[in-house]
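> Submitted below is the structure of interest, expressed as structure tokens.
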Amino acid sequence: MFSPTHWVHGENITVKQFCDYLQQHIPEDAIFCVCGDSQVYMHLETDGSVFSVDDCSLSDLDEYEDYEVKELEALQNEC
């Protein structure tokens, strides 16, 4: 069951606002899901103006042609 005290809506929130909320209110080991799915994809506009978290890879977009999606875990291990 979901917690009604953590039922939150946001519109046009910034990445900072989203991260601050998560860090202040959500356990850091909670699984992150989008539309009920724990498999998530992240997309960023080329000018950095919009960041999108999606449950779909959008691999059919022209801008992703000839590219392979990067795995977050592998990127974190590079640091």
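The values are calculated or read from the model by the stated rules, or taken from the named source; none is laboratory data. Source: prediction; values computed, not measured. So basically every Cβ, Gly included, is an ideal-geometry build from the backbone, and we count neighbours across all protein chains shown. Surface areas here come from the heavy atoms of the whole protein model, side chains and all, with no ligands, DNA or RNA. Shrake-Rupley method; radii C 1.70, N 1.55, O 1.52, S 1.80 Å.
> I'd like to check something: does the range 57-78 contain any residue that is under 25 Å from T5 (Cα atoms), in a loop (DSSP other than H, G, I, E, B) and either open to solvent by less than 80 Å² (accessible area, probe 1.4 Å) or of a type in the set (F, W, Y) (or both)?
No, the range 57-78 contains no residue that is under 25 Å from T5 (Cα atoms), in a loop (DSSP other than H, G, I, E, B) and either open to solvent by less than 80 Å² (accessible area, probe 1.4 Å) or of a type in the set (F, W, Y) (or both).
> Tell me, which residue of the range 15-43 that is small (G, A, S) and open to solvent by 70 Å² or more (accessible area, probe 1.4 Å) is farthest from L72 (Cα to Cα)?
G36
> Can I ask one more? Considering each residue of the range 1-16, count those that are under 14 Å from F51 (Cβ atoms), of a type outside the set (S, T, Y) and in a loop (DSSP other than H, G, I, E, B), and give that number. Give the derivation first.
The first filter runs over the range 1-16 and keeps only residues under 14 Å from F51 (Cβ atoms), leaving 10, 12-16.
Of the ones still in play, those that are also of a type outside the set (S, T, Y) are 10, 12-13, 15-16.
Imposing the further condition that a residue be in a loop (DSSP other than H, G, I, E, B) reduces the set to 10, 12-13.
Matching residues across the range 1-16 total 3.
> If we keep just the residues of the range 17-44 that are aliphatic (A, V, I, L, M) and assigned to a loop (DSSP other than H, G, I, E, B), which is farthest from S57 (Cα to Cα)?
Looking at residues that are aliphatic (A, V, I, L, M) and assigned to a loop (DSSP other than H, G, I, E, B), I get I26.
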